[in-house]
Amino acid sequence: MSVIEYADLYIGGEWSKPTGSDVLHVVSASTEQHIGIVPEGNDDDVDRAVRAARAAFDDPTGWPVWAPAQRAEVMERFAAELESRAEETARRVSDQNGMPIVVANQLEAVFPAVLLRYYARLAKDMPFEERRPGMLGGSSLVIREPIGVVAAIVPWNVPQAITFLKVAPALAAGCTIVLKPSPETVLDAFLMAEAALAAGLPAGVLNIVPGGRELGAYLVSHPGVDKVSFTGSTAAGRAIAETCGRLLRPVTLELGGKSAAIVLDDADLINNMESFFGATLLNNGQICWLGTRILAPQSRYGEILDTITGLAGALQIGEALDPSTQIGPLASARQRDRVESYIAKGNAEGARLTVGGGRPKQFEKGWFVQPTVFGDVDNNFTIAQEEIFGPVLSVIPYRDEDEAVAIANDSDYGLGGSVWTADPDRGTAFARRIQSGTIGINAYMNDPTVPFGGIKASGMGREMGPEGLAGYQQLKTIYLDAKASTS
Ligand code: NAD
């Protein structure tokens with residue numbers, strides 16, 4: 001396969017020479033082969049990108065003051081351009097980060113255009129201002145203004161879908177954007193830039209500067225930025241929140257998770273295997289909301305542990321681009337080392353390994369780890385408290401529903417989760433007791449129309465739904481006196 005090369009950065013609505021000469025090399029997670037090379041942005045490139053975004057935002061006839069329907073039209077063209085590159089987007093993501101191609105074809109190839117279209121429709125349908133009658137005579141105009149220049153920083157695990165959780169509502173609101181993709185997944189971001197150019201996004205509305213954490217930190221604290229939208233680890237999120245606190249800069253944080261998948265005593269897991277896999281092991285365990293702590297009732301503990309062990313043991317492990325692959329490699333050698341160190345901790349702490357625990361023998365290259373299940377896990381074990389971000393499940397026994405709630409809530413995190421039961425009403429009543437921003441009954445699915453986000457160490461703010469749009473708007477009130485109110 002030929003190496004994908006880019007020499008320029010997408011800044012100010014065109015391909016522009018990078019300021020420095022540093023490059024990022026991209027390596028296939030499955031084969032460890034060199035698959036791409038792109039310029040690495042530096043502080044000067046961030047300065048240029050923020051200047052371009054600032055100029056586009058401050059233009060008195062520019063993107064923020066366009067009628068929402070006009071912005072929506074461009075967003076729809078952007079969606080169509082992404083769709084015409086969907087297959088290549090999925091292929092690039094899959095090759096870079098190990099996401100099985102069947103997953104990439106559903107998530108990365110589809111979700112960005114879905115989000116753009118959803119927010120384009122919302123921009124057309126939702127009023128951006130409202131005349132509100134007052135209690136003291138007169139009335140007021142309440143206006144939802146775009147918040148300004150947005151710094152969007154994204155991780156490598158689901159790079160395109162996560163990018164558009166930010167870009168789509170920000171565009172709809174009338175904001176301009178500087179995006180910093182993760183160095184592990186940049187090739188998809190350059191394809192996205194091609195789509196933006198082809199769609200005719202006005203100059204400076206979207207700018208992309210790839211680089212590592214120092215570049216991200218520089219962007220977060222840049223004086224030309226009005227809002228930060230970050231998805232990534234809780235550690236980085238804390239550092240960013242500190243900076244934003246000092247600068248009084250609004251910030252949305254989508255961070256880590258350690259969610260619980262709670263199996264109630266009436267659950268039929270066998271007939272819900274596909275959904276259960278999706279809620280616990282999708283994308284090789286590299287999704288923030290996965291339910292990696294599985295809570296099983298003592299009355300059925302052995303049987304449930306056997307079922308989950310059987311599921312993990314039967315999964316097809318393979319190269320990410322192979323359509324039969326269910327579990328691909330982890331995104332990087334660093335990530336594999338991290339997952340293996342947690343498996344070692346699980347063994348050392350006395351959890352019972354029932355399947356996996358090592359590297360599959362059949363691959364000479366690639367950062368593969370076998371799907372792994374630990375039984376007899378105590379919720380205080382490190383593997384039950386810390387985010388592993390790999391295909392490792394911990395099965396924890398509980399006595400009754402009250403204890404299940406207590407265990408599920410005994411976590412620093414609060415992002416996702418799921419309840420498995422034959423009775424959806426019982427499941428919903430149980431879900432209400434779980435401290436988490438989102439939770440599913442017999443499935444876990446992010447729908448673009450409803451808010452997604454975490455509580456506790458899983459973050460602040462919400463993406464998706466109208467609530468996601470609100471994150472890129474600020475409210476302005478214009479008081480009108482009685483005379484003006486009647487005009
Ligand atoms: P990471 O925090 O190391 O990096 C994420 C992004 O932030 C990268 O682009 C990185 O370059 C940048 N970055 C890192 N430190 C920074 C700093 N101090 N200032 C500015 N930018 C910085 O995370 P990762 O390893 O790339 O991704 C995995 C993590 O992301 C996991 O913890 C996972 O749970 C989390 N995640 C959360 C969600 C969510 O929606 N809640 C979604 C996906 C991933």
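The values are calculated or read from the model by the stated rules, or taken from the named source; none is laboratory data. Because the structure is predicted, anything quoted here is derived from the model rather than measured. Please note: Cβ atoms are built from the backbone with ideal geometry, for glycine as well, and neighbour counts cover all protein chains shown. Quick note on the areas: whole protein, heavy atoms, side chains included, nothing else; ligands and nucleic acids left out. Shrake-Rupley method; radii C 1.70, N 1.55, O 1.52, S 1.80 Å.
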message: Tell me the mean residue ellipticity at 222 nm calculated for the chain from its helices only (DSSP H runs of n ≥ 4, each -39500 (n - 2.57), averaged over every residue, nearest 500).
response: -11500 deg cm²/dmol
- request: Principal axes first, then extents: for the Cα atoms of the range 279-344, list largest minus smallest coordinate on each axis, whole Å, largest first.
  value: 40, 27, 22
query: Tell me, what is the Rg over Rh of the chain, with Rh the Kirkwood radius over Cα pairs?
result: 1.00
field: Bins of 5 Å from zero: percent of alpha-carbon pairs in the range 107-178
entry: 3, 15, 19, 19, 15, 9, 7, 5, 4, 2, 1
field: Hydrodynamic radius (Kirkwood) for the range 1-50, which is based on Cα pairs only, to one decimal in Å
entry: 11.8 Å
- prompt: Accessible area, 1.4 Å probe, largest first: how do F230, F381 sort?
  reply: F381, F230
- request: Let me know the charge dipole size of the chain about its Cα centre in debye, to the nearest 20, where only the beta-carbon of Lys, Arg (+1) and Asp, Glu (-1) is charged.
  value: 1000 debye
field: Around E145: net Lys/Arg minus Asp/Glu count, Cβ-Cβ under 10 Å
entry: +1
Kirkwood hydrodynamic radius of the range 260-441, from inverse mean 1/r over distinct Cα pairs, in Å: 16.3 Å
- prompt: Of the accessible area of the chain, with the probe set at 1.4 angstrom, what percent is carbon plus sulfur?
  reply: 52 percent
- prompt: What ranking do 208-220, 342-354, 310-322 get when scored by the average of other Cβ atoms within 10 Å per residue, highest first?
  reply: 208-220, 310-322, 342-354
message: Quick query: amide H of L353 versus all other amide H atoms, modeled in the peptide plane; which residues come in under 5 Å with a sequence gap of 5 or more or a different chain?
response: G375
- prompt: If Lys and Arg each add +1 and Asp and Glu each add -1, what is the summed charge of the other residues whose beta carbon sits under 13 Å from the beta carbon of D265?
  reply: -4
- request: Find the Rg to Rh ratio for the range 208-301, where Rh is the Kirkwood radius over alpha-carbon pairs and Rg uses the same atoms.
  value: 1.18
query: Can you pull the Kirkwood radius for the range 89-226, inverse mean 1/r over Cα pairs, to one decimal in Å?
result: 16.5 Å
- prompt: Just how much of Y119 is accessible, in Å², when a 1.4 Å probe is used and the result is rounded to the nearest 10?
  reply: 0 Å²
- prompt: K180: which lysines have alpha carbons under 20 Å from its alpha carbon, excluding same-chain residues fewer than 8 sequence positions away?
  reply: K17, K166, K227
- prompt: Roughly how many Å² is the accessible area per residue of the range 260-441, as a whole number, for a 1.4 Å probe?
  reply: 39 Å²
Charge tally in the Cβ shell below 12 Å around S84, where Lys, Arg are +1 and Asp, Glu are -1, S84 excluded: -3
statement: Taking a probe of 1.4 Å and leaving out DNA, RNA and ligands, the range 122-259 shows per residue an accessible area in Å² of 32 Å²
